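Asks: Below you'll find the structure I mean.
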Ligand code: GDP
C-alpha cells in the first residue's frame with residue numbers, strides 16, 4: 001500500500017517505499033537457540049527498567065502469533081498495577097507539519113525541565129515495518145534517539161487501525177511499568193488515527209501550519225474539537241506574520257465549538273520547532289492543563305472513560321473478527337451480497353441469515 005503521505009495534496013515530501021531485505025546475508029549463519037523467556041522474566045525485566053526486555057515485550061505485543069499474544073496479555077496484566085503514573089500526550093499534524101522536528105525538541109525540553117523518562121510511540125496504520133515506516137522513526141528524531149532517558153518505538157504494523165491502536169495502548173502499559181513517566185503518542189494527521197490517539201492520551205496537541213487551508217480541514221474532520229492545544233509551527237523568518245495570522249484564525253474558529261467537558265479552554269500558540277522558539281510556552285501550557293484537570297477530577301474521569309472505551313472496542317473487534325473469519329460465513333457472504341444486489345433478498349434478511357450462521361464452523 002502506498003503511504004498516505006505520498007498523496008498529491010502533501011507536497012514536498014516523499015516517503016520511499018523501501019526495499020525488501022534478503023532473508024539471510026550469511027548462508028553459514030546459524031541462529032543460537034535462546035532460552036524462551038517466561039512471563040516473570042519479562043515482568044521482572046520491565047519493572048527493573050531493562051530496555052532490552054521492554055523492547056522484546058513490545059515485540060510480543062505486536063506479534064500476530066496467538067502464542068505470543070497469550071504471553072503478552074499475561075505480561076500486560078502483571079504490569080498493570082505499576083502503571084497510570086505518567087502523563088500521556090498525543091501529538092498530531094499533517095505530513096510536513098514538523099512532527100518529528102518538534103518531538104525532538106519537545107522531548108529534550110521536557111526531559112531537561114521535568115526530568116523522568118520519555119517514551120515516544122506512534123500510531124500509523126499504513127506503516128510496514130521493514131519497508132521504511134515513518135512515524136516514531138529514530139532517524140527522524142536525531143537528538144532524542146541518543147538520549148539515555150528516551151525510548152522511541154515506531155508504529156506497529158498491524159493492518160487495521162484498530163489493531164495498531166490497541167497495540168500502542170498496550171505498549172503504553174509496558175512503558176509505564178518500566179518507569180517511563182512521560183509518553184508521547186505521535187500520529188499522522190490523515191484519517192481516523194487522531195481519534196484513536198485521542199482515546200489514549202491526557203492532552204491532545206495539534207500541530208498546524210499557516211496558510212495551508214488546514215484550518216478548514218481540521219474543522220471538517222472534527223479534529224480541532226479534540227485538541228486541548230493547537231500550536232502553529234514554523235513561526236520563523238518570513239513566515240512569522242502568516243503564522244500569527246493563522247493563530248488568530250484558529251482562536252476565532254475555536255469559539256465556534258461548545259466548551260469542552262474538561263472545563264479547560266484550548267489555547268493556540270505559535271512556535272518554531274526548527275529554531276527552538278516558543279517551546280517553553282507550549283510545555284508550560286501542557287503542564288498547566290494537567291494540574292488543572294487533576295484538580296477538577298477530569299484527569300481521572302477521562303482515563304476511566306478511555307478504559308471503558310477500550311473494553312468495548314476490544315469486544316467489538318473480537319466479534320467482528322470472529323464473524324468475518326468464520327469459514328461458513330466467509331463462503332456464503334458473497335452469494336448473499338449478490339442476492340441483495342439482484343433484488344432477491346433485502347439487506348436485512350441477508351444480514352440476519354448470515355448472523356444466524358455464527359455458531360457453525
Ligand atoms: P513531519 O512530517 O510532520 O514529521 O514533519 P518534519 O518534522 O519531517 O518536517 C517537515 C519539514 O519542515 C522539514 O523539512 C523540516 O526541516 C521543516 N520544519 C520543521 N519544523 C520547522 C520550523 O519550525 N520552521 C521551519 N522553517 N521549518 C521547519
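The values are calculated or read from the model by the stated rules, or taken from the named source; none is laboratory data. Values in this document were obtained by computation on a predicted structure and should not be read as measured data. Counting neighbours? That spans all protein chains shown, and the Cβs are built from the backbone with ideal geometry, glycine included.
Asks: In the range 250-273, which residues are loosely packed, with under 15 Cβ neighbours inside 10 Å and within 27 Å of residue 100 (Cα to Cα)? Spell out how you get there, then give the answer.
Replies: Step one: list which residues in the range 250-273 are loosely packed, with under 15 Cβ neighbours inside 10 Å, which gives 251-252, 255-259, 261, 263, 265.
Residues satisfying the conditions are 251, 265.
Asks: Please find, among 274, 309, the residue that is touching a residue at least 60 places away in the same chain (Cβ under 8 Å) and outside any helix (DSSP H, G or I).
Replies: Details: 309 fails: outside any helix (DSSP H, G or I).
When all the criteria are applied, what remains is 274.
Asks: Name the pairs: first residue in the range 231-242 and assigned by TED's automatic domain parsing to the domain that holds residue 203, second residue more than 6 Å from the ligand (Cβ to nearest atom) and assigned to a helix (DSSP H, G or I), Cβ to Cβ under 6 Å, at least 6 apart or on different chains?
Replies: 231/282; 232/243; 232/246; 232/247; 235/243
Asks: Being touching a strand residue (DSSP E or B) at 6+ places or on another chain (Cβ under 6 Å) and either under 13 Å from residue 98 (Cβ atoms) or within 16 Å of the ligand (Cβ to nearest atom) (or both): is that true of residue 205 here? First the steps, then the outcome.
Replies: Values: touching a strand residue (DSSP E or B) at 6+ places or on another chain (Cβ under 6 Å): yes; either under 13 Å from residue 98 (Cβ atoms) or within 16 Å of the ligand (Cβ to nearest atom) (or both): yes.
In short, yes.
Asks: Okay, moving on. Contact list please: Cβ distance under 8 Å, first residue in the range 93-104 and closer than 13 Å to residue 231 by Cα, second residue near the ligand (Cβ under 6 Å from one of its atoms) and part of a helix (DSSP H, G or I), pairs at least six apart or on different chains.
Replies: Final answer for the pair search is 93/99.
Asks: A follow-up question, please. Take the conditions away from the ligand (no atom under 16 Å from the Cβ) and assigned by TED's automatic domain parsing to the domain that holds residue 88 and apply them to residue 225. Does it pass? Please lay out each step first, then the result.
Replies: Numbers: away from the ligand (no atom under 16 Å from the Cβ): yes; assigned by TED's automatic domain parsing to the domain that holds residue 88: yes.
When the stated conditions are applied, residue 225 passes them.
Asks: Scan the range 102-123 for residues that are crowded, with 19+ Cβ neighbours inside 10 Å and either under 15 Å from the mean Cα position of the chain (by Cα) or under 30 Å from residue 239 (Cβ atoms) (or both) and report the count.
Replies: Residues of the range 102-123 that are crowded, with 19+ Cβ neighbours inside 10 Å, as a first pass: 102-107, 110, 117-123.
Checking which are either under 15 Å from the mean Cα position of the chain (by Cα) or under 30 Å from residue 239 (Cβ atoms) (or both) leaves us with 102-107, 110, 118-123.
So the count comes out to 13.
Asks: Which of the residues spanning the range 105-120 are without any contact (Cβ under 8 Å) to a residue 40 or more places away in the chain and either within 8 Å of the ligand (Cβ to nearest atom) or assigned to a loop (DSSP other than H, G, I, E, B) (or both)?
Replies: 115
Every residue, every condition in (1) within 22 Å of residue 267 (Cα to Cα); (2) exposed (fewer than 13 other Cβ atoms within 10 Å of the Cβ), yes or no:
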{"residue": "280", "(1), (2)": "yes, yes"}
{"residue": "290", "(1), (2)": "yes, no"}
{"residue": "293", "(1), (2)": "yes, no"}
{"residue": "311", "(1), (2)": "no, yes"}
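Asks: Residue under question is residue 218, and the condition is that it be within 16 Å of the ligand (Cβ to nearest atom), crowded, with 21+ Cβ neighbours inside 10 Å and modelled with pLDDT under 90; does it hold? Please lay out each step first, then the result.
Replies: Details: within 16 Å of the ligand (Cβ to nearest atom): yes; crowded, with 21+ Cβ neighbours inside 10 Å: yes; modelled with pLDDT under 90: yes.
The answer is yes for residue 218.
Asks: Residue 237 versus (1) at pLDDT 95 or above; (2) exposed (fewer than 15 other Cβ atoms within 10 Å of the Cβ); (3) within 16 Å of the ligand (Cβ to nearest atom): which is the lone unmet condition?
Replies: Tallying (1) at pLDDT 95 or above; (2) exposed (fewer than 15 other Cβ atoms within 10 Å of the Cβ); (3) within 16 Å of the ligand (Cβ to nearest atom), residue 237 fails exactly one: (1).
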